[in-house]
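The next block holds one structure in the form of structure tokens; read it before the comments.
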Amino acid sequence: MKEDRWNIRTLESAEKKWVNIFAKLLWINVSLAFILLGCKGEDVEHTKLVQPTVVKQWIGIPSIPMMTSIKPSEKRNVVIYLVPHADDEVLTFGVPIRNDLQQKKEVYVLLLSKGELSQARDVVNGYYDHESNHPYMAGKVQWCRFHQRLHIPSAEGYSPLSVEEFGQARIKEFIQATAALGVPKENTYVYQLKHGYFGNTPLVLIINDWLKRFPNATFVTMSEIDVQRDHAPVGKVLNRLHQQKVVKFKRNYASVATRMKYRHLKDQYPSISLIHKKDVHYILKAIDVYRAWEPHKGRFGLGYHSVETQFEFLKKNMDTLLLPH
Ligand SMILES: [Zn+2]
């Protein structure tokens, strides 16, 4: 009995102790809530002040040159070409670019990436190295099908191209070819998105940057059914912005690779030819840029070293297919 009573008393005092602790915790909680509520107003104001500056520095996708010289305008005759890689501006868009220029439209051509991971670098260098797309092939030779020989840079008077030098050489071809098409140099812009994976966000940011300058522009790129892995996502992003009515006007063209794979497209969708037949010379001149082999002058014919058959296809089919999406 004695033992039992002692136990009950112990239990009672333990119970009181817990009630006490609980009450203290409750008091701490309530006090904390008051402190936090008191600070809340100041906190929100502080966030409002800081956030926009941080976001502004973060979102810009830089272009070369910067877009500072562009005067914003609501005009309707601006056409902006989103070109995933050097050579696409001729292969897929050469014909519509010529037609737009003939119709006195203001044409801007934006190269989205340097396309530095192309296998053309291994061909021109004559061998694979550790920077190659296939590093496990490092040291192995790479035959040039275009020139029907193995390139040996030291014997031909040039140095093997690093990935960086190769990217710059591709940009050079793009700038020369776009000029050959008749696009004013100041309307040519270069971005450096990651070759092989552009990501949707950078594409949206770039399009938005241009929409801020030209809200009524027509945006042009490839189709979302394109066979090339960088082409289709650009088409998808543009189509989505168009569905959301962010972009008012757009056009999608089938790339040459897509036309070569899906031959039936030609029977289903309108084919766009040159308005002025004489403009074929502009396109042939632009194709020549991608063919020119003068390595000592930094001209490496990189277009032909990577997609010779596509250039030859364009020469035989001087048109392009307008797809719905
Ligand atoms: Zn070659």
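The values are calculated or read from the model by the stated rules, or taken from the named source; none is laboratory data. Since the structure is predicted, the reported quantities are computational estimates derived from the model, not experimental observations. Cβ sites come from the backbone with ideal geometry, for glycine too, and all protein chains shown count toward neighbours. The protein model used for the area step is the full one, side chains on, heavy atoms only, and it has no ligands, DNA or RNA in it. Shrake-Rupley method; radii C 1.70, N 1.55, O 1.52, S 1.80 Å.
Pick out the one residue from S118, S113 that is within 16 Å of the ligand (Cβ to nearest atom), touching a residue at least 60 places away in the same chain (Cβ under 8 Å) and among the hydroxyl-bearing types (S, T, Y). One residue alone meets the criteria, S118.
In region 241-325, which helices (runs of 4 or more DSSP H) lie fully inside it and hold 2 or more residues that are within 16 Å of the ligand (Cβ to nearest atom) and of a type in the set (D, E, K, R)? Walk me through how you get there before you give the answer.
Working: elements: 256-261, 265-268, 280-289, 302-316.
Helices (runs of 4 or more DSSP H) meeting the threshold: 302-316.
Where residues in region 137-164 are touching a Pro at 6+ places or on another chain (Cβ under 8 Å) and open to solvent by 40 Å² or more (accessible area, probe 1.4 Å), which of them is farthest from the ligand (Cβ to nearest atom)? Selected residue: S159.
Among residues that are farther than 26 Å from T92 by Cα and open to solvent by less than 30 Å² (accessible area, probe 1.4 Å), Y189 is not included. Restricting the first member to region 270-298 and to residues that are at pLDDT 95 or above, and the second to residues that are assigned to a strand (DSSP E or B) and among the β-branched types (V, I, T), the beta-carbon pairs closer than 7 Å and six or more apart or on different chains are I272/T320.
Name the one entry in G167, G126 that is assigned by TED's automatic domain parsing to the domain that holds L238, away from the ligand (no atom under 16 Å from the Cβ) and surrounded by 15 or more Cβ atoms within 10 Å (Cβ to Cβ).
Going through G167, G126 in turn, just one is assigned by TED's automatic domain parsing to the domain that holds L238, away from the ligand (no atom under 16 Å from the Cβ) and surrounded by 15 or more Cβ atoms within 10 Å (Cβ to Cβ): G167.
H134 passes every criterion in (1) more than 16 Å from the ligand (Cβ to nearest atom); (2) open to solvent by 50 Å² or more (accessible area, probe 1.4 Å); (3) over 21 Å from the mean Cα position of the chain (by Cα); (4) modelled with pLDDT of 95 or more apart from (4).
Residue pairs whose Cβ atoms lie under 6 Å apart, sitting 6 or more positions apart in sequence or on different chains, and linking a residue in region 141-155 that is in contact (Cβ under 8 Å) with a residue 60 or more places away in the chain to a partner that is near the ligand (Cβ under 7 Å from one of its atoms), are C144/V123; C144/H151; F146/H305. Scanning region 305-318 for residues that are over 20 Å from G157 (Cα atoms) and either under 26 Å from the mean Cα position of the chain (by Cα) or of a type in the set (D, E) (or both) yields S306, V307, E308, T309, Q310, F311, E312, F313, L314.
Taking region 156-196, which residues are outside any helix (DSSP H, G or I), under 15 Å from D122 (Cα atoms) and in contact (Cβ under 8 Å) with a residue 40 or more places away in the chain? Those that are outside any helix (DSSP H, G or I), under 15 Å from D122 (Cα atoms) and in contact (Cβ under 8 Å) with a residue 40 or more places away in the chain: Y158, L161.
Please work out if K297 is surrounded by fewer than 16 Cβ atoms within 10 Å (Cβ to Cβ) and either more than 24 Å from L161 (Cα to Cα) or assigned by TED's automatic domain parsing to the domain that holds T178 (or both).
Spelling it out, K297 is indeed surrounded by fewer than 16 Cβ atoms within 10 Å (Cβ to Cβ) and either more than 24 Å from L161 (Cα to Cα) or assigned by TED's automatic domain parsing to the domain that holds T178 (or both).
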